[in-house]
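Report on the following structure.
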Amino acid sequence: MAGSFLTVVAREGGRLVGAGRALSDGGLYAWIHDVVVVRDQRRRGIALRICAMMVDALKERGIPYIGLFAAKGAAPLYERVGFTRRPDDAPGMQLYLAPEFEEG
Ligand SMILES: CC(C)(COP(=O)(O)OP(=O)(O)OC[C@H]1O[C@@H](n2cnc3c(N)ncnc32)[C@H](O)[C@@H]1OP(=O)(O)O)[C@@H](O)C(=O)NCCC(=O)NCCS
């Protein structure tokens, strides 16, 4: 998190209940990663608020492009804050350089 361009965390009382972060070159591109909400607080709009705050903050910093890869089932969340899906024949690509990060 410390090396991120932007981080947003959600707390309820003193408890950390959600987070999201963006990586960026500070000019043209930002990528949203690691949007997560603890299980017992899901479907309360926390991720929506985290994403909306990140989009607003990146817009304020003049970043014109935000990309992300939505986890299975998560695309509707990002659509709610303005993202559109890339076409099926031109989706993102990925290269796992550390086996422990491979999807199981
Ligand atoms: C995905 C995740 C971050 C959503 O967090 P959340 O706080 O529950 O999401 P919100 O309550 O803000 O949901 C806002 C909207 O996003 C969509 N949404 C959220 N979770 C969804 C799900 N599991 N399936 C389908 N749509 C979903 C819905 O449109 C929802 O609105 P609604 O509740 O009025 O129907 C959470 O389920 C999570 O941490 N999952 C594990 C980590 C993960 O997969 N992160 C995504 C990485 S791309």
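The values are calculated or read from the model by the stated rules, or taken from the named source; none is laboratory data. Remember, predicted model here, so these are calculated numbers, not experimental data. Backbone-built Cβ (ideal geometry, glycine too); neighbour counts: all protein chains shown.
For ALA10, state whether it is in a strand (DSSP E or B), free of Cβ contacts under 8 Å to residues at least 60 places away in the same chain, within 13 Å of the ligand (Cβ to nearest atom) and small (Gly, Ala, Ser).
yes
Name every residue in the range 13-39 that is away from the ligand (no atom under 13 Å from the Cβ) and part of a loop (DSSP other than H, G, I, E, B), in order of residue number.
The answer is GLY13, GLY14, ASP25, GLY26, GLY27, LEU28.
Which condition breaks for ARG42 when tested against (1) of a type in the set (D, E, K, R); (2) near the ligand (Cβ under 8 Å from one of its atoms); (3) modelled with pLDDT under 95?
Unmet condition: (3).
Would you pick out the residues in the range 78-91 that are at negative phi and surrounded by 10 or more Cβ atoms within 10 Å (Cβ to Cβ)?
Within the range 78-91, TYR78, GLU79, ARG80, VAL81, PHE83, ARG85, ARG86, PRO91 meet the criteria.
Considering only residues of the range 45-71 that are in a loop (DSSP other than H, G, I, E, B) and within 8 Å of the ligand (Cβ to nearest atom), which is nearest to the chain's Cα centre (by Cα)?
This residue is LEU68.
Quick one: ASP88 ticks every box in (1) acidic (Asp, Glu); (2) away from the ligand (no atom under 16 Å from the Cβ); (3) not in a loop (DSSP other than H, G, I, E, B) bar one, so which box is it?
If we test ASP88 against (1) acidic (Asp, Glu); (2) away from the ligand (no atom under 16 Å from the Cβ); (3) not in a loop (DSSP other than H, G, I, E, B), just (3) comes out false.
Any residue at all in the range 41-60 that's over 23 Å from GLU12 (Cα atoms) and without any contact (Cβ under 8 Å) to a residue 40 or more places away in the chain?
So far as the range 41-60 goes, yes, one or more of its residues are over 23 Å from GLU12 (Cα atoms) and without any contact (Cβ under 8 Å) to a residue 40 or more places away in the chain.
Check ALA74 against each of (1) within 12 Å of the ligand (Cβ to nearest atom); (2) surrounded by 15 or more Cβ atoms within 10 Å (Cβ to Cβ); (3) under 18 Å from GLY92 (Cα atoms) and name the one condition it does not meet.
Tallying (1) within 12 Å of the ligand (Cβ to nearest atom); (2) surrounded by 15 or more Cβ atoms within 10 Å (Cβ to Cβ); (3) under 18 Å from GLY92 (Cα atoms), ALA74 fails exactly one: (2).
Output the number of the condition that ASP34 fails; it satisfies all remaining conditions of (1) touching a Leu at 6+ places or on another chain (Cβ under 8 Å); (2) loosely packed, with under 13 Cβ neighbours inside 10 Å.
ASP34 satisfies all of (1) touching a Leu at 6+ places or on another chain (Cβ under 8 Å); (2) loosely packed, with under 13 Cβ neighbours inside 10 Å except (1).
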